[in-house]
Amino acid sequence: MSKVITLHEFIMDRQEDFPFASGELSRLLNDIAIAAKIVSKDVRRAGLLENFLGAEGNTNIQGEEQQKLDVIADKQFINMFKTGGEVCGIASEENDDFMAFDNEISREGKYVVLFDPLDGSSNIDVNVSIGSIFSVYRRKSESGTLANLEDMLQKGTDQVAAGYVLYGSSTMLVYTTGNGVNGFTLDPFIGEFCLSHPDMKMPETGRIYAMNEGNINICEDGIKEYIQTYCQQTLEGHKRPYSGRYIGSLVADFHRNLIKGGIYIYPDTSTDPEGKLRLLYECNPLAFIAEQAGGIATTGRKRVMEIVPDRLHQRVPFFVGSKKMVEEAMSCLK
Ligand code: P6P
């Protein structure tokens, strides 16, 4: 029987991957894991607690109806970052503006975290997989000062860590610090994330495509060409076309493609001319993971992680997944 390696042990073992590491990032990653365990507990009991399900009753800056569990998860992560001492500020999908933590220990925090506390909210009430996504940067502002907007608006290539939590048939935490991708499954009986998917690699190609095809007539023709020519034809050497799988939770679609190979497409459309997904706390962190696992992530025309952000909730078109599949899709775009 192989040794069980907990996330905590794994993080500590890998600490020397960081020159001059003095443990702050390790502690931050462990804080994220604790918050993820708490959110997982809440997600898995939501149906039993009347104040956990349903709409919060207001709309967030995205123009989306906030779900109660969105707000609960957001508060859990914010509280963990505010009290952990490693984070000087955050930005979250659920909050209009960024937050600079103005307490003594946080002002010295080396990092900022941008996150989507609960992605796939439309699936919460129907018990379909949802996820949390996080992106970690070193602060640019001087230690001891309040975090500022410049700390938040950094290119994806400057991320020091990124990951997601998938509340699926099991709860998994998958992350990278730039030295490969590793996946951990929460063992609820011991309350630990345990290494279950070491050194994850995304297959170079696949036969699964994930897109909301309800948008097919409001996005550029090249995408319809890709879907009809590559995905829906029985190509030579195969008995059937690709499989369409669209969960409506980016984290779940991404994770399946990471393991099986596949492509996820959310293009710009006539109703969402910049695309729907948010650059800073959805696209960049998943792009970092995709690239570290051998996949690619683009807007359909350029590498996502090269984009210089200019707004906190900036949206971009998102084509992410197996390298060959994304390249084929891009070849169809004018
Ligand atoms: P649509 C969830 O709101 C999300 O951000 C992703 O998780 C998901 O893939 C997408 O939006 C679903 O959007 O327009 O297809 O319902």
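Using a 1.4 Å probe over the heavy atoms of the protein chains, calculate the carbon and sulfur portion of the accessible area of segment 208-331 as a whole percent.
Details: 2300 of 4900 Å².
About 47 percent, which is the carbon plus sulfur part of the accessible surface.
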Under 11 Å by backbone N from the virtual spin label 7 Å along Cα-to-Cβ at Met1, the residues of segment 182-213 are none
Mean accessible area per residue over the chain (1.4 angstrom probe, all protein chains present, square angstrom) is 43
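Suppose R0 equals 25 Å; then what is the FRET efficiency for Arg27 and Thr157 from their Cβ-Cβ distance, rounded to the nearest 0.05? Mind showing how you got there, number by number?
On the way: r = 24 Å, r/R0 = 0.97.
Efficiency computed from Cβ-Cβ geometry: 0.55.
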Once amide hydrogens are built 1.01 Å from N within the peptide plane, the residues lying 5 or more places from Gln67 or on another chain with amide H under 5 Å from its amide H are Glu56
To the nearest 10 degrees, the tilt of helix 24-45 (Cα long axis) against the first principal axis of the alpha carbons of the chain is 70
Summed over the other residues with a beta carbon less than 10 angstrom from that of Asn182, with K and R at +1 and D and E at -1, the charge totals 0
Note, segment 258-264: 3J(HN,Hα) by Karplus (6.51, -1.76, 1.60, θ = phi - 60°), whole Hz, Gly/Pro = x, goes 4, 8, 9, x, x, 9, 10
Calc'd 3J(HN,Hα), segment 67-79, phi into Karplus 6.51 cos²θ - 1.76 cosθ + 1.60 (θ = phi - 60°), Hz, glycine/Pro = x, comes to 8, 4, 6, 4, 5, 4, 5, 4, 5, 4, 5, 4, 4
Given pairs Lys276/Lys334; Lys140/Lys276; Lys82/Lys276; Lys3/Lys276 and cut-off 31 Å on Cα-Cα distance, the over-length ones are Lys3/Lys276
The relative contact order of segment 208-331, taking Cα pairs under 8 Å that sit 6 or more residues apart, comes to a percentage of 27
The answer for GluC sites (Glu not before Pro) in segment 66-158 that fall in a DSSP coil and have at most 10 neighbouring Cβ atoms within 10 Å is Glu142
A chain fully extended from Leu235 to Gln62 at 0.36 nm per residue, minus the present Cα-Cα distance, gains in nm 58.3 nm
With every protein chain kept in place and a 1.4 Å probe, the residues His255, His8 fall, from largest accessible area down, as His8, His255
Probe 1.4 Å, all chains present, heavy atoms only: Arg138 accessible area in Å², nearest 10, is 130
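The values are calculated or read from the model by the stated rules, or taken from the named source; none is laboratory data. Since the structure is predicted, the reported quantities are computational estimates derived from the model, not experimental observations. Please note: Cβ atoms are built from the backbone with ideal geometry, for glycine as well, and neighbour counts cover all protein chains shown. Heads up: the accessible areas ignore ligands, DNA and RNA and are worked out on the full protein's heavy atoms, side chains in. Shrake-Rupley method; radii C 1.70, N 1.55, O 1.52, S 1.80 Å.
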